[in-house]
Amino acid sequence: MIQKKSNQMKYTIDLNRVSLTDINLVGGKNASLGEMIQNLKTLGIKVPNGFAITTEAYHTFIKYNKLDEKIIGLISELDDSDINLLRKTGLEVRQLIRNGEFPDDLKIEIKSKYLDLSKSYEQEMTDVAVRSSATAEDLPDASFAGQQETFLNVRGSESILEAVRNCFASLFTDRAISYRNTFGYNHFDVGLSVCIQKMVRSDMSASGVAFSLDPESGNF
């Protein structure tokens, strides 16, 4: 059982309270965001606030809807050489998850955290990015980064819940299913956390990707 930090709600945690030691709880992306918020604040660099819906929430959602055995049963029938079967199975698994219901306590907590985030920006319903953050995004022998979904400009509690469901479902894209099968990873050994983060106004700022190492040579 993952030990959650003190004063943390059951299924969510503020991004400014997570670090790289929490990857199993919030995934690689959220853990890195937490590090950025904590370490860049003293340099005057602003990172949009938000919170993480933990991997425990994802596993709770799957168990609450009794989906684990159904998903394992569908995936066990796959043949690596049958692309059409992969597409059919992937769609069926994702639809099962999209049709799932949130346990009441999880639904209430997500809505409450979203309203608190909105209030911190002095808005009734602020616009956010809903971002997937898997626990196995960058491993020594495999990389799952970029295989799950992100949804931008999401506004309102119900829209947040729908986007979170879609993030959960994106853990079973055709590519992700095939990739895990190829590398021999158990599909339920990979957990999914979801980041709810304030959107940045594109007309008032800029964005991009910065590399600390050359992605091809590894040189500084």
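Quick note: the coordinates plus some simple rules give every number you see, no bench work behind them. What you see is a predicted model, and the numbers here were worked out from it, not measured in a lab. For neighbour counting, all protein chains shown are included, and Cβ atoms are generated from backbone atoms with ideal geometry for every residue, glycine included.
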What lysines does residue 29 reach when the alpha-carbon gap must be under 21 Å and sequence neighbours fewer than 8 apart in one chain are set aside? 4, 5, 10, 41, 46, 113, 198
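Among 58, 179, rank each residue by its count of other Cβ atoms within 10 Å, from fewest to most, as a rough exposure measure. Each step should come with its number before you reach the end.
On the way: 58 27, 179 15.
Result, fewest neighbours first: 179, 58.
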Using alpha carbon centers only, region 187-220 is separated from region 24-70 by a whole-angstrom value of 13
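Full-extension gain between residue 202 and residue 155, please, as 0.36 nm times their residue separation minus the C-alpha to C-alpha distance. Please list the in-between numbers first.
Working: separation 47, 0.36 × 47 = 16.92 nm, distance 1.64 nm.
Here the answer is 15.3 nm.
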Among 128, 93, which comes first, then next, by fewest other beta-carbon atoms within 10 Å? 93, 128
On the principal axes of its Cα set, how long, how wide and how thick is the chain? Give whole Å, largest value first. 52, 49, 37
Helix 104-120 sits at what angle to the longest principal axis of the chain, using alpha carbons and giving 0 to 90 degrees rounded to 10? 30
With R₀ set to 22 angstrom, the calculated FRET efficiency between the beta-carbons of residue 211 and residue 174, to the nearest 0.05, is 0.15
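Defining a contact as two alpha carbons under 8 Å apart and six or more residues distant in sequence, what relative contact order in percent does the chain show?
On the way: 320 pairs, mean separation 57.2, N = 220.
Relative contact order of the chain: 26 percent.
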Using only the Cα atoms of region 154-200, each taken as one equal point scatterer with no solvent, compute I(q) by the Debye sum, divide by I(0), and report log10 of the ratio at q = 0.33 Å⁻¹. -1.23
Residue 123 paired with residue 68, simple spin-label distance in nm, labels 7 Å along Cα-to-beta-carbon: 3.8
